[in-house]
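Taking it in order: structure first as structure tokens, then the write-up.
We did not get these values from a lab; they are worked out from the coordinates using the rules stated. Here the structure is a predicted model, which is why all the values come from computation and not from measurement. Here the Cβ positions follow ideal geometry from the backbone for every residue, glycine too, while neighbour counts run over all protein chains shown.
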Amino acid sequence: MTRARRDPRAERAAAALPGAARARFDLFARCAGGRPRRDPRMEAAAQRVDGAARLRLDRAQTGRPAAAPAPSRAEPAAPPAPKTIVMAAPAFLVAVVPDLAAGRLSPHDRQLFGAARTLAGADGGVIALAGAEGAELGPAGADRTARLAGPEGYAPDARAAAIASTMAALNLRHVIFPETPDGGDLARRVAVLAGEPLFADVEMVSAAALMRPAQGRRVEQRAAPARLITLAADAVAPYAGAPREARDEPLEPSAAPASAILAAERIPADPARTPLALADFVVSAGNGVTDLETFRAVAAALGGTPGASRVLCDAGLMPREAQVGASGTVLSATCYLALGIAGAPQHLQGVAGCEHVVAVNTDLHAAMIERAGLAIVQDAQVVMPALIEELARERGAFA
Amino acid sequence: MKVAVLLSAGRHPVSGRGALPRLEAQAIRLAAALGSARGLHAGPDADVVAEALGRGLSQIDHVALAAGADPVPALAAVLRAAAPDVVLAGRRGQGGDDTGLVPYALARALGATVIPDVVAARPGSEPGVIEVEQALPKGAARRVVARLPVVLTVHPAAPEPSAFAFGQARRGRIERLDVAAPAEPAAAAIAVAEKSYRPRPKMMRGAPAGGSAADRLKAATGGGEAAQANVMVSPEPREAARAILAYLRQIGVLAPPPGAG
Ligand SMILES: Cc1cc2nc3c(=O)[nH]c(=O)nc-3n(C[C@H](O)[C@H](O)[C@H](O)COP(=O)(O)OP(=O)(O)OC[C@H]3O[C@@H](n4cnc5c(N)ncnc54)[C@H](O)[C@@H]3O)c2cc1C
């Protein structure tokens with residue numbers, strides 16, 4: 001009721017542009033004080049996901065143009081093979097010490113290269129200090145590689161001494177370790193050996209600063225990048241650029257310190273007693289398995305830790321500790337063998353970290369079949385005895 | 001065997017109140033199997049570690065230190081005088097700086113060997129030797145025989161801590177030691193700026209930037225890479241079994257058949 005009366009004449013006079021022979025008005029000037037005008041067309045253009053065959057908009061992107069166009073996975077034409085980046089004379093080196101468990105780079109190891117690349121910037125080089133040969137270091141983001149010579153077997157002190165001497169010899173600006181049992185142990189040994197402070201369990205990496213939690217995750221500490229760093233898992237994206245050359249950097253062998261470790265013997269895991277979360281190979285039964293005796297025999301014969309879907313655990317056919325999935329155990333196994341499991345989203349969440357999945361199911365359209373690297377559309381009740389028979393036959397052929 | 005258990009003023013991971021860290025309670029249990037054990041705490045106040053008395057220690061030595069001071073020189077001085085064969089510690093503090101460096105720095109000061117992630121320890125077959133079992137990822141273990149002295153850090157898979165006993169806690173003594181810590185060259189500290197912790201979303205493995213919700217669900221449930229899956233429709237059971245065994249061997253989770261190399 002009491003809104004101020006508009007005076008169109010005065011508004012028009014205020015918007016008049018001076019100096020023109022003919023009367024001209026800037027009618028947009030009127031809204032200068034208020035909210036900026038939206039341009040829906042430009043916003044939509046900024047939300048466009050590049051490369052998709054049909055128009056796709058990423059609504060999470062508001063207004064600003066997308067920083068980096070999302071890589072398209074639907075694109076049928078393969079991009080030209082990326083050229084190897086060669087760094088002839090890096091200004092300085094940032095070292096990465098991957099765990100290389102079983103000789104392969106884990107996802108955590110790859111994230112180290114992402115962090116190292118951030119710290120190296122445009123003129124620094126990334127060097128991988130590995131105990132074993134690794135063909136995948138170049139694609140993972142290493143400009144240089146160096147073999148750490150050391151005695152065979154369990155000799156962490158010798159490895160730490162080799163890294164500390166490399167640190168001095170190559171004048172490494174940063175050395176990045178994974179915060180894993182092995183990598184974290186090595187980092188701390190190097191820190192006390194070299195007398196350098198360690199910035200442990202880093203959760204955020206930028207060229208200017210690192211962040212780590214402290215005091216039981218109640219505070220976060222921020223500091224300029226330290227020389228020795230351990231990186232938490234899943235905090236930094238892995239290196240995603242073109243492969244790098246991974247040229248070999250010769251190292252002088254350093255004398256290994258005398259060790260007080262007299263003997264070390266590795267004891268392989270007992271699959272029947274390993275907790276599910278730690279197991280390397282899980283053999284799992286779902287509602288499609290009726291013959292649980294045979295299932296247990298299969299798990300034992302294959303050397304896998306037995307697991308189950310929720311249906312079997314709810315029915316009391318398998319113990320609750322065996323349940324795989326969102327409300328059970330989230331696996332970190334290398335391989336998952338699913339017998340008669342449909343692959344509900346809650347179940348698949350538990351399997352997300354598994355590298356390889358084998359599924360046996362009567363339903364060709366089950367989600368588990370879609371997820372699997374090897375899918376067998378067949379009755380689990382006939383495949384299980386066949387597996388046992390086949391293993392027995394192999395043993396029999398040898399005996 | 002003389003055993004020292006390092007006790008830290010920890011905080012409970014959920015409530016944030018002062019509490020004995022679980023790993024140190026487990027360390028006390030491991031220590032009991034090795035010989036006579038004493039606790040050792042360096043810090044402004046020993047009340048926070050008094051719980052350790054109820055967990056099986058009969059005596060705790062307390063070195064008074066200013067809050068926030070580096071405990072390593074003082075601990076090293078005490079341990080050098082007491083010369084224990086085995087020092088047991090948690091993996092990492094919870095409530096202080098939490099770098100996990102103290103056991104390593106002490107081992108260097110004492111000339112001892114660090115063996116991390118221990119789940120069991122017993123005296124070796126000959127004097128001056130200890131046999132420990134280390135937990136490795138994926139449920140494996142390593143049995144290590146080492147010469148004394150050693151510093152052991154405890155793994156969460158070690159035996160459960162023994163139950164808290166009130167009478168024992170009343171009987172136990174906390175003895176205050178006065179140590180003039182030698183001015184050892186402290187490791188150069190990093191200048192840090194602190195503020196309260198803000199949880200950040202963890203990076204999602206394999207989720208495409210700017211993808212649709214369906215893409216993100218696929219990444220969360222681990223689909224995606226299996227587009228070129230090898231599907232066998234209604235194979236003979238035997239054929240299926242052979243295919244499964246060959247696949248398991250190819251990825252290395254199943255031992256090769258006996259006789260094949
Ligand atoms: C809040 C919530 C949380 C949950 N959390 C979990 C969880 O953590 N873990 C979990 O597993 N589930 C969980 N569930 C349950 C989940 O939604 C599914 O109900 C469950 O995973 C289905 O188990 P299934 O695949 O064994 O059984 P079904 O869905 O009955 O599937 C059986 C499959 O076996 C196949 N089949 C049948 N007969 C044979 C045969 N003779 N040979 C071979 N294949 C055969 C069928 O084709 C079918 O694909 C949860 C559900 C909810 C609501």
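The overall shape of the protein assembly as shown, judged from the alpha-carbon gyration tensor, is oblate: a/c is not under 1.5, and a/b is no greater than b/c. Name the shape class, rounded, prolate or oblate, that the alpha-carbon gyration tensor gives for region B:28-89, where a ≥ b ≥ c are the square roots of its eigenvalues, rounded holds for a/c under 1.5, and otherwise prolate holds if a/b is larger than b/c and oblate otherwise. Because a/c hits 1.5 or more and a/b fails to exceed b/c, region B:28-89 counts as oblate. Looking only at B:ALA219, B:ALA66, B:ALA46, which one moves most when chain B is put into a Gaussian network model with springs between Cα atoms under 10 Å? Checking each option, the largest mean-square fluctuation is seen for B:ALA219.
Inter-chain neighbour count for A:355-367: the average number of beta-carbon atoms from partner chains within 10 Å of each residue's beta-carbon is 3. Here region B:1-72 carries DSSP beta bridges of which approximately 20% are antiparallel, counting only pairs with both residues inside. Remark: region B:95-111, residue by residue, has Karplus-estimated 3J(HN,Hα) of x, x, 7, 6, 8, x, 8, 4, x, 5, 5, 5, 4, 5, 5, 9, x Hz, where x stands for each Gly or Pro and the curve is 6.51 cos²θ - 1.76 cosθ + 1.60 at θ = phi - 60°.
With neighbour counts taken as other beta-carbon atoms within 10 Å, the residues A:TYR239, A:TYR336 rank, fewest first, as A:TYR239, A:TYR336. For chain A, what relative contact order do you get, as a whole percent, if you take Cα pairs closer than 8 Å and at least 6 residues apart? About 11 percent, as a whole number.
Translational diffusion of chain B, estimated by Stokes-Einstein from the Kirkwood radius over alpha carbon pairs at 20 °C in a medium of 1.002 mPa s, is 97 µm² per second. Any chance you could give the angle, 0 to 90 degrees and rounded to 10, that helix B:237-250 forms with the longest Cα principal axis of chain B? Helix B:237-250 sits at roughly 40 degrees to that axis.
Debye-formula intensities of region A:271-398, expressed as log10 I(q)/I(0) at q = 0.15 Å⁻¹, are -0.61 (one equal scatterer per alpha-carbon, no solvent). Using a Gaussian network model of chain B in which every pair of alpha carbons under 10 angstrom is joined by a spring, one finds that among B:ILE60, B:ILE190, B:ILE115 the greatest mean-square fluctuation is at B:ILE190. What lysines could a cross-link reach from B:LYS202, if we take a straight Cα to Cα line under 20 Å and drop same-chain neighbours fewer than 8 places away? In chain and number order, the partners are B:LYS218.
Axis angle, to the nearest 10 degrees, between helix B:22-32 and the longest C-alpha principal axis of chain B: 70 degrees. Taking other residues whose beta carbon is less than 11 angstrom from the beta carbon of A:LEU170, and scoring Lys, Arg as +1 and Asp, Glu as -1, yields 0. Angle of helix A:156-169 to the longest C-alpha principal axis of chain A, folded into 0 to 90 degrees and rounded to 10: 40°.
Using Cβ point charges alone (K and R +1, D and E -1), the dipole size of region B:95-168 about the Cα centre works out to roughly 240 debye.
Considering only DSSP beta bridges with both partners in the protein assembly as shown, what is the antiparallel share in %, to the nearest 5?
On the way: 34 of 105 bridges.
Close to 30 percent.
Residues whose amide H lies under 5 Å from that of A:ILE376, counting only those 5 or more places away or on a different chain, are A:ALA359, A:VAL360, A:ASN361, B:MET232; hydrogens are built 1.01 Å from N in the peptide plane. Considering only A:ARG320, A:ARG22, A:ARG247, the mean-square fluctuation computed in a Gaussian network model of chain A, springs between alpha carbons under 10 angstrom, is largest for A:ARG22.
Mind running the shape call on region A:92-248? Use the C-alpha gyration tensor, a ≥ b ≥ c as the square roots of the eigenvalues: rounded below 1.5 for a/c, prolate if a/b tops b/c, oblate otherwise.
Details: a/c = 1.45, a/b = 1.14, b/c = 1.27.
Rounded shape, in that the Cα axes give a/c under 1.5.
How big is the dipole moment of the protein assembly as shown about its Cα centre under a simple scheme where the beta carbon of each Lys and Arg is +1, that of each Asp and Glu is -1, and everything else is neutral? Debye, nearest 20, please.
Details: 73 positive and 64 negative charges, 626 e Å.
That gives a dipole near 3000 debye.
Mean partner shielding of peptide A:183-193, defined as the number of other chain Cβ atoms within 10 Å of each residue Cβ, is 5.
Going by average Cβ density within 10 Å per residue, which order do the peptides B:48-58, A:267-277 take, highest to lowest? Before the final figure, lay out each step's value.
Values: B:48-58: 21.9, A:267-277: 15.3.
Top to bottom by mean Cβ count within 10 Å: B:48-58, A:267-277.
Dipole magnitude for region B:1-88: about 220 debye, using +1 per Lys or Arg Cβ and -1 per Asp or Glu Cβ, origin at the Cα centre. Within 10 Å of the Cβ of each residue in A:218-229, the mean number of Cβ atoms contributed by other protein chains is 4.
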